[in-house]
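Any read-out appearing in this document is the output of simple, stated calculations on the displayed coordinates, not a laboratory observation. What you see is a predicted model, and the numbers here were worked out from it, not measured in a lab. Here the Cβ positions follow ideal geometry from the backbone for every residue, glycine too, while neighbour counts run over all protein chains shown.
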Amino acid sequence: MRYISPLSLIAGVIVDNLFLAKRVDTLLTNALLLTYLVVSGIAIAVMNLIQTGKWRHRFLTDAFPILPVIVQFAFGGLFSAYFSLYSRSADISVSWIFVVAIVALIVLNERFAHFYARFAVQMSIYFTVLFSFLIFFIPVVTHRLGDGVFLVSGAVALGIVAALLFALFRLMPSLRSDRTTIARTVAVIYVVFNVLYFTNAIPPLPLALKSAGVYHDVTKVGTDYVLSEEPLPWYQRFLNYNSTYHAGPGESAYVYTAIFAPTGLSITVLHQWQHYDSSNGWVTTDTVRFPVNGGRDGGYRGYSIKSEPAPGKWRVNVITQYGQLIGRVNFTVEAASSTPQNLVDITQ
C-alpha cells in the first residue's frame, strides 16, 4: 500500500491530463468526471457491504484490499481535475482559498488513504467532490448562471447523498450509527461551500478568463482584434499584474478581455474601472456592460475604454451580472510627454 497509494494518485492525474479537455462543457470532460463519481460511489457501497458481512463471496473478500485504492484513484482524479479547471477559471488573488483547499485535499488523499475505511469520511469526501462537480455541471446543462443555480446545485448534491445514504442504511442497518456524524459533517461542508461562493472565493465556472490586458489601442480587423501594447518583461506578461501604462496627452486606455462561456450560455459581463485613492481606497469611476455569448474556444472578446485616465493605480474588475469576479486587470498609469513609440501589435 505504501507504493500503490501514491501511484493511484499519480495515475489519476495522468488520466486527467490525457483525457480532460480544456473546455468544461465538452462531453469527454463531463463523462470522465461522471465516471469518477459513479466508480467511487459504487466502490464505497461495495466496501461497506463486504465490511458489514452482507456480501461474503470469496472473490469479493479477496478483492477488498484494492477497493480503497479504487476510491483513492477516483477521488484523486476528481481533485486534480477540479484544480485544473478552477485554477484557470478566475483571478487567483481572490479564488486562492478554494484552489488551496483543493490542493490540500489532493495531498490528504494521498497521505491519509487509510481514512477511507471510515464510512463517515467516505461520504463526507463524496459529498465534497459531488458538490464541486455540480457547481459547473448544472450551469452547463441549463445554460444558466447565478445564485439560484448555485443553490440548486447544492440542493441536488444534498438530495443525491441523502438518497445514497437511505439506500445504504436500508441494506446495512449497522451503518446508521454514523448518521449524526455524517449529517453534521455534510452540513458543515455545505455551509463552507456557500460562504466561499457568496464571498467570491469559488471561481465562477463554467466561465473562464482566457486573456486580458491594458492596451493603447484596440481595433477590430475582420474577425480579429489587433491590440497595441507596450513591451512587457516576461514576468509581467506571465502574471498580468501591475503593468505600467505610459499615457500620452489626451490618450485613452483600453482594457480587452476574452471570456470563455459554454455553448448556449449567454450572460452580461461588466468591466468595472477602479482608481486607487489614498483616502478612500478603490473608487469605481466607470462601469461598462456588454453581452458574452458562449461557444468560442478562445473566448468571447470585448473591450472598454477610459478617456484620459488619471495617473496612479488602476484596476478593472471583470465581473458577471451577479457580482462574481471572473478576473482582474491591474496596471499603473504614468503620465508621459507622448505615446510610447515602441508599441507592439498582437492579434487576437
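Numbers below:
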| read-out | value |
| --- | --- |
| Residue order, fewest to most surrounding Cβ atoms within 10 angstrom, among 54, 306 | 54, 306 |
| Separation in nanometres of the label points that stand 7 Å from Cα toward Cβ, at residue 297 and residue 189 | 3.6 nm |
| Modelled label reach - residue 321, point 7 Å along Cα→Cβ, the range 207-222 residues with backbone N closer than 20 Å | 207-209 |
| Cα radius of gyration and Dmax for the range 208-347 (Å) | 14.9, 47 |
| Paramagnetic reach from residue 282 in the range 240-269 [backbone N under 14 Å; point 7 Å along Cα→Cβ] | 241-242 |
| Extension gain, residue 263 back to residue 143 (0.36 nm per residue minus Cα-Cα distance, nm) | 42.4 nm |
| Spacing of the two label points (7 Å from each Cα toward its C-beta) at residue 246 and residue 335, in nm | 1.6 nm |
| Sorted by Cβ neighbour density within 10 Å, fewest at the top, the residues 156, 316, 333, 221 | 221, 156, 333, 316 |
| Ranked list, fewest to most other Cβ atoms within 10 Å of each Cβ, for 123, 172 | 172, 123 |
